[in-house]
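The values are calculated or read from the model by the stated rules, or taken from the named source; none is laboratory data. No experiment lies behind these values; they were computed from the predicted model shown. Because the Cβ atoms are built from the backbone with ideal geometry, glycine has one as well, and the counts that use them run over all protein chains shown. Just so you know, the surface numbers come from the protein's heavy atoms only, side chains and all, with ligands and any DNA or RNA stripped out. Shrake-Rupley method; radii C 1.70, N 1.55, O 1.52, S 1.80 Å.
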Amino acid sequence: MDLLKQEFYNKAQALAKEVKELLKEHGNKKLDEVSIEQAYGGMRDITSMIWEPSLLDAEEGIRFRGYSIPELREKLPTAPGGKEPLPEGLFWLMLAGEIPTKEQVKWLTEAWVRRANIPEHVFRAIDALPADTHPMTQLSVGVMAMQSTSVFAQRYISGMNKSEYWDATYEDTMTLIARLPRVAAYIFRRVYHNGEQVLPDISLDWGGNFTHMLGFKDEGFREYMRLFLTIHADHEGGNASAHTTHLVGSTLSDPYLSFSAAMNALAGPLHGLANQEVIRWVQKMIETLGTTKPTREQISEYVKSTLASGRVIPGYGHAVLRKPDPRFMAQRQFCEDNIPDSDLVKVVWKIFDVVPPILTSLGKVKNPWPNVDAHSGAVLIHYGLKEYNFYTVLFGVSRALGVLAAQCWSRVLGLPLERPKSVTTDWVKEYLTKEYSVTFES
Ligand code: CMX
């Protein structure tokens, strides 16, 4: 067993035993109740799923195995001379439950380098798409093309014992994460740089090498990408990309199939695509106002005109959070420390001053604060990555860490096929009549 697999196995065996006893003793106790509003309203706040890597608090934001984002920035190992956490460290934490040492993170970086080889047909599958196909579609196709190498799928066909599902899932997870930056960078260079690829630099860490393969050399940008890839990794289990991975994986579809499905969920504008939508909206505002330094009053008018045209303000609001997203705040802190003079970043900060009171005044928005997607575009543009259609791919590369760590946990805990109950509106009416003596005309 490799180093991380052994750590994960030890942790997981102990938890699996605990869960078995917990279910035996307390399995019939209630975690939650469901209202009709929740059934129609996207199942908000219904506690009905187990997700080990992270837990979201509406006020405080995300914690990964108990650690907040500021704590991760302080405690996780960094690249030599760097300050930002290495995403490898977060992946280790999500699987093994402990902050790794520098040596453990180094081992993981090297393990991913050894697994990063990509079969040629994956590039050919991507090449078969028109170059102007959205990069998220190309990513999804690239991941699907890798499925032919799934260890899980091959071992399943050969009669794998269910006690080994977690092991095969771990193998696919490690290889998929190792390969993903190369696939993403291939798409970026194909679409925006005439297919001129930048070969990997295996002396670099996972995020540093990804930034290098995209074609960027600035160490400041590498640091931002390490932070970006850490903070976008996971946001507990109910968000659309995480939940998709969980649902598809629960059918014993392998990690390639379930992660590709997750990328299709992330590609929606109410979820991950919001990071491209934010910068598109900001740039349109700058163009419309004719200045790169708009005043708060000008921004306020523009926000109101967006709302009046029946559109949402991208990067604002959240289904669970009720405070400014700590992932937004971490990026803000990064910019204050590293690029405080960027005009575009200053616009993002002004929008942060202006938007919340306007959304609050609508009286229906439950969370008027910025989410993770409100900040990233301005920083990416500052460092020269201006092709905003690609931004959600960056999110996707990071998201692999959390959702695939969770899939390892799901398989080791033996979580079953997911199959919630649905009902029709007629059923709801009948239920109300029976339980609450409500009457309906006709
Ligand atoms: N701008 C305008 N109106 C907004 C809004 C925003 N940013 N956020 C919420 N609202 C509106 C909703 O559209 C809804 O209006 P209707 O009742 O007329 O349909 C009302 O406020 C209530 O919505 P809510 O309960 O506050 O929010 P939801 O849980 O339904 O939706 C989210 C959450 C993120 C989809 C929503 O806030 C939104 O559309 N935000 C903009 C898109 C965005 O930034 N998405 C990224 C989220 C983070 C991520 O997943 O990556």
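The table that follows gives values for the structure above.
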quantity	calculated
Amide H contacts of SER54 (H built 1.01 Å from N, under 5 Å, at least 5 apart or other chain)	ARG65, GLU236
Listed residues SER158, SER398, SER150, most fluctuating in the chain (Gaussian network, C-alpha, under 10 Å)	SER158
Cβ-derived FRET efficiency at R0 56 Å, LYS29 paired with SER361, nearest 0.05	0.85
For segment 133-149, 3J(HN,Hα) per residue [Karplus equation, 6.51 cos²θ - 1.76 cosθ + 1.60, θ = phi - 60°, Hz, x = Gly/Pro]	4, 4, x, 5, 5, 5, 5, 4, 5, x, 5, 4, 5, 6, 4, 4, 9
Sites HIS121 and THR251, calculated FRET efficiency, Cβ-Cβ separation with R0 22 Å, nearest 0.05	0.30
Under 19 Å, Cα to Cα: Lys pairs in segment 274-386, sequence gap 8 or more or different chains	16
Additional length obtainable on full extension of the chain from ASN10 to GLN333, 0.36 nm per residue less Cα span	112.6 nm
Estimated inter-spin distance, ARG296 and SER68, nm [label 7 Å along Cα→Cβ]	2.6 nm
Area accessible to solvent at ILE313, 1.4 Å probe radius, in Å²	10 Å²
Those trypsin sites (Lys or Arg not before Pro) in segment 181-277 that DSSP places in a loop and that have at most 16 other beta carbons within 10 Å	LYS217
Whole-Å distance, taken between Cα centres, linking segment 250-285 and segment 148-184	23 Å
Residue (of LEU415, PRO181, VAL191) at the positive-pole extreme of the chain, dipole from beta-carbon charges	VAL191
Mean separation of Cα contacts under 8 Å, 6 or more apart, over the residue count of segment 274-386: relative contact order %	39 percent
For segment 16-109, radius of gyration divided by Kirkwood radius, i.e. Rg to Rh on alpha-carbons	1.11
Segment 166-221 pair-distance distribution - Cα-Cα, 5 Å bins, rounded %	4, 20, 25, 20, 15, 8, 6, 2, 0
Surface per residue (accessible, 1.4 Å probe) for segment 274-386, Å²	44 Å²
The chain: relative contact order as a whole-number percent, Cα under 8 Å and 6+ apart	21 percent
Cross-link partners of LYS102 among lysines (Cα-Cα below 30 Å; sequence separation of 8 or more within a chain)	LYS5, LYS11, LYS75, LYS83, LYS217
Virtual paramagnetic centre 7 Å along Cα→Cβ of ASN389, amide N under 14 Å, in segment 173-189	187-189
Over segment 6-59, equivalent-ellipsoid semi-axes from the Cα gyration tensor in Å	28, 16, 8
Protection proxy ranking of 289-298, 20-29 - average other beta-carbon atoms within 10 Å, highest first	289-298, 20-29
222 nm mean residue ellipticity, helices alone, for the chain (DSSP H n ≥ 4; -39,500 (n - 2.57); rounded to 500)	-19000 deg cm²/dmol
Kirkwood estimate for segment 198-311, i.e. one over the average of 1/r between Cα atoms, Å	17.4 Å
Equivalent-ellipsoid semi-axes of segment 274-386, from the Cα gyration tensor, Å, largest first	21, 17, 12
The chain, accessible surface, carbon-and-sulfur percent (1.4 angstrom probe)	53 percent
Over segment 327-442, relative contact order from alpha-carbon pairs under 8 Å, at least 6 apart, %	21 percent
Per-residue HN-Hα couplings for segment 42-48 [Karplus 6.51, -1.76, 1.60; θ = phi - 60°; Hz; x = Gly/Pro]	x, 6, 4, 6, 7, 7, 7
Linear extension gain, TYR156 paired with MET1, 0.36 nm per residue minus alpha-carbon span	53.8 nm
Selected from ALA131, ALA308, ALA242 as most flexible by GNM, with the chain as the system and alpha-carbon contacts under 10 Å	ALA308
Over the chain, equivalent-ellipsoid semi-axes from the Cα gyration tensor in Å	33, 32, 21
Derived scalar couplings ³J(HN,Hα) [segment 20-26; Karplus, 6.51 cos²θ - 1.76 cosθ + 1.60; whole Hz; x for Gly, Pro]	4, 5, 4, 5, 5, 6, 10
